[in-house]
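Report on the following structure.
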């Protein structure tokens with residue numbers, strides 16, 4: 001059907017360098033293998049993310065109320081936190097724009113980068129919610145930290161199964177106006193991690 | 001009529017005249033280069049990462065037809081519609097048809113150099129599609145009717161008052177706003193309604209994984225994720241050279257990309273698209289536009305390894321002081337100077353000369369492209385194809401004679417000390433030497449290495465020889 005397809009592939013076959021001269025290197029695990037919470041928190045802070053403060057007697061709800069006192073719509077994508085609205089109640093991707101704080105659980109984080117992973121499985125098929133909400137609170141277990149990008153891509157099955165998978169490393173940011181770093185550009189204005197253990 | 005070559009030197013001259021802009025541009029990009037160095041020094045495995053990235057890319061390019069077929073098969077299995085475009089015109093037609101089929105009249109998009117290559121906005125807008133760039137820098141450039149001046153930071157040549165003026169005109173904001181924070185906030189406020197009402201979204205793709213049929217998009221603003229997840233239609237335009245074989249290879253590239261680009265460990269968002277989200281449709285347009293031809297150029301095919309980090313631009317003294325727009329091309333800086341002539345040899349014939357041949361671009365390249373060597377090779381190709389401007393032809397001719405004869409070269413070099421200190425300024429800073437216009441030549445060395453060597457080492461050797 002596509003003649004351009006065949007023409008492109010033929011031209012590539014005619015023009016390419018000798019494949020035998022360019023073998024594929026084996027996959028490697030390189031770098032620091034520390035998958036500790038301290039390394040993660042340090043990286044998270046570099047990228048502008050925060051750890052949601054847990055005071056004596058705090059629940060997630062009280063911690064959120066203290067951190068985001070003006071929030072009206074707190075949307076939950078997890079079964080063990082109530083919020084003011086459940087993510088399943090948002091009918092369209094656009095409706096997520098009304099959310100002030102989204103609470104979601106991440107299956108793993110990456111210590112090297114302070115990144116957390118989210119896919120449609122955690123976002124209950126409403127991927128836009130992670131980006132249209134003003135603030136995001138991510139529940140994470142220190143047991144689910146992987147050391148670095150190599151270990152993440154090699155060990156986590158999600159990269160092979162999810163249709164949509166995002167590594168968020170701190171909040172949305174830009175430095176496009178005269179090099180001034182601004183946290184909270186077009187996506188989430190803040191990203192906070194809540195340790196659940 | 002023959003197309004005129006870009007007059008890079010003249011455009012650069014205009015940029016240099018404006019000291020405030022040039023100084024900021026120079027310092028800002030050098031700061032990115034230094035941040036990149038900081039990240040490099042943290043990682044003992046940095047050189048190994050570069051070597052691996054280079055080897056993976058070279059392998060992929062040598063096996064590109066097979067990997068493209070593998071990607072296509074897997075992507076289709078995942079529910080992605082895959083299209084192939086031989087050139088920009090075909091790409092634009094494909095995108096136009098997809099939009100038409102969906103009755104889409106508004107398209108929000110994240111930054112994609114390939115769509116710039118294809119002049120997609122210029123094609124879609126007369127056909128009734130409103131295209132809105134969602135990356136802040138790219139949006140500023142769109143409103144100002146300019147090409148991106150840098151592949152990572154498109155509006156890096158502008159200062160706050162420039163942006164305030166553009167936003168005032170288009171967003172009716174305060175023309176005297178002098179806060180980057182408040183201007184960025186205005187962009188967020190202006191973009192949200194457009195994003196929420198868009199019929200379709202478009203992204204590029206930084207990497208394409210053959211093994212999984214996925215593509216990976218890296219941004220800091222999250223605008224690609226907004227463009228892809230809010231409307232019910234996602235089109236990704238991707239150059240065919242962006243492939244990597246395995247998902248596990250991504251570790252190498254993600255660890256290098258943002259560190260090389262901005263000196264940050266990772267972009268704020270690294271998004272893996274493997275199939276349409278629920279209730280949505282996903283299309284990938286694989287664009288050739290000269291790449292399959294470039295793969296056959298023995299001296300230049302490795303430029304296809306480029307992951308578009310912009311490190312070569314940030315480090316280049318010519319780029320930093322002349323600004324991206326002076327290159328008159330979609331791709332500027334050192335990487336642009338070796339890619340652009342493959343699109344139009346005559347039009348971009350001046351660009352390989354916009355270099356001091358210091359080799360810094362090659363040293364910072366995360367995929368080890370020998371950029372400065374390719375710049376030199378392009379100069380030879382252009383000379384053979386008679387695409388050299390007169391002055392450069394003459395200078396090259398003289399340089400060739402000099403370099404070819406060691407005695408003549410040494411006589412000339414010894415002469416430079418005398419020349420630099422005694423020649424009147426107009427001889428050194430004249431129209432034959434446009435780069436001399438705005439900078440002083442270095443102080444001449446008192447003695448060349450060769451004459452020092454002759455004087456000292458050879459003498460010592462002789463002495464050793466005598467005593468032995």
Site residue A:100, offset 7 angstrom along Cα→Cβ, radius 13 Å on amide nitrogen, limited to region A:47-77, gives A:64-75
Rounded to 0.05, the calculated FRET efficiency for the beta carbons of residue A:62 and residue B:51 at R₀ = 60 Å is 0.70
Here the gain from full extension of residue B:456 to residue B:145, 0.36 nm per residue of separation minus their alpha-carbon distance, amounts to 105.9 nm
For region A:49-195, averaging the sequence separation of alpha carbon pairs under 8 Å that lie six or more residues apart and dividing by its residue count, the contact order in percent is 26 percent
Looks like chain A, by Cα gyration tensor root eigenvalues a ≥ b ≥ c and the a/c under 1.5 rounded cutoff (else prolate when a/b is bigger than b/c, oblate otherwise), is prolate
Cβ density ranking, 10 Å radius, fewest first, applied to A:154, B:202 yields A:154, B:202
A chain fully extended from residue B:14 to residue B:197 at 0.36 nm per residue, minus the present Cα-Cα distance, gains in nm 61.8 nm
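Can you run the Rg to Rh ratio on the protein assembly as shown? Use alpha carbon positions and the Kirkwood inverse-distance Rh. Let's see the in-between values first.
On the way: Rg = 26.7 Å, Rh = 26.5 Å.
Taking Rh as the inverse mean 1/r over Cα pairs, Rg/Rh reads 1.01.
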Cα-based Rg and Dmax for region B:43-289, in Å, come out at 18.3, 55
For region B:43-289, percent of DSSP beta bridges that are antiparallel (nearest 5) comes out at 25 percent
Neighbour-count ranking for A:6, B:135 (other C-beta within 10 angstrom, fewest to most) reads A:6, B:135
Exposure proxy check on A:20, B:111, B:165, B:76: fewest-to-most Cβ neighbours within 10 Å is A:20, B:76, B:165, B:111
Among A:140, A:30, A:44, the residue with the largest mean-square fluctuation in a Gaussian network model of chain A built from Cα contacts under 10 Å is A:30
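So for chain A: antiparallel DSSP bridges make up what percent, rounded to the nearest 5?
30 percent
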Ranked by GNM mean-square fluctuation in chain A (Cα springs under 10 Å), the top entry among A:36, A:114, A:170 is A:36
Residue span residue B:34 to residue B:246: 0.36 nm per residue of separation minus Cα-Cα distance leaves a gain in nm of 73.2 nm
In this structure, the FRET efficiency calculated for residue A:89 and residue B:171 from their beta-carbon separation, with R0 = 25 Å, to the nearest 0.05, is 0.15
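Just so you know, all these numbers are worked out from the coordinates, no wet-lab data involved. Remember, predicted model here, so these are calculated numbers, not experimental data. Backbone-built Cβ (ideal geometry, glycine too); neighbour counts: all protein chains shown.
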